[in-house]
Amino acid sequence: LVRATNSQSKVDETQFLSLRPVVKKIEQYFNTYEGLDGRLYFERRDRQYIGRDIPAIRIFNLHVAAKCVAAMFLQRPDLSFKYPKRMYDELAPTIFSDDNREIVFYAACLVLYRLHLLVSNSTLPQNMRRFKWHILVLVRAIVAGKDIPKLNSRQIEPYCQRLVDAFCQHGEPVIESLQKAVEIVESMGEVTNDRLKRQTIMDEMLAKIG
């Protein structure tokens with residue numbers, strides 16, 4: 001009913017998605033990492049953590065988390081990079097299927113969190129922010145393997161756990177995995193925004209992983 005009566009006054013799609021059972025389960029799952037170095041916060045409601053003295057870099061709202069999953073596990077960094085509306089139109093039913101495993105979201109956000117940290121302290125080149133959605137795909141393939149189980153399967157749990165274990169603490173394994181991804185990106189030469197908007201460049205990058 002709300003959707004039908006808001007054709008003129010647009011309501012953000014994430015407001016509807018935030019009511020889905022899987023989204024509430026994702027929020028609860030993020031909270032199970034309380035006290036750990038890799039603790040992230042899932043912002044199911046807008047401004048949910050205002051006044052809580054939580055570093056903004058650790059907070060992932062629904063929109064960013066969706067882009068992380070679309071890039072890393074559905075291998076559509078092109079949509080995360082430039083076409084978020086198409087991402088929701090084409091992938092929202094898959095991303096937010098109520099039987100998806102919550103660890104999928106945590107693993108994807110955790111890798112982006114580490115990437116942001118290492119770029120911000122200049123361990124990784126600053127220009128890698130531009131390739132972050134593509135790097136998520138590469139790191140997933142490097143750490144967990146190229147073959148992706150279904151997001152609602154039992155097999156996705158240990159697959160994602162490999163990523164969480166590798167990235168839960170800052171250290172050499174994190175830097176090494178991300179550095180390998182950076183080297184692949186840099187090996188592509190000069191990459192225009194138009195090329196980043198196309199799926200083919202991701203296939204070319206993945207082909208460089210042995």
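Below, the figures for the structure above:
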| quantity | calculated |
| --- | --- |
| Pairs from K24/K208; K85/K146; K24/K150; K25/K132 whose Cα-Cα separation, in the structure shown, is over 29 Å | K24/K208 |
| Proximal charge balance of S187 [Cβ under 13 Å; K/R count +1, D/E count -1] | -2 |
| Principal axis dimensions, largest first and in whole angstrom, of the range 57-106 by Cα | 28, 24, 16 |
| Directionally averaged projected area (convex hull, Cα atoms, the range 134-210), nm² | 5.7 |
| The chain, helix-only ellipticity at 222 nm - DSSP H runs n ≥ 4, -39,500 (n - 2.57), divided by all residues, nearest 500 | -16500 deg cm²/dmol |
| Spread of Cα-to-Cα distances over 10 Å intervals beginning at zero, given as percent, for the range 85-181 | 15, 46, 30, 8 |
| Principal semi-axes in Å for the chain [√(5λ), Cα gyration tensor, largest first] | 26, 21, 17 |
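Just so you know, all these numbers are worked out from the coordinates, no wet-lab data involved. Source: prediction; values computed, not measured. Positions of Cβ are backbone-derived with ideal geometry, glycine not excepted, and every protein chain shown enters the neighbour counts.
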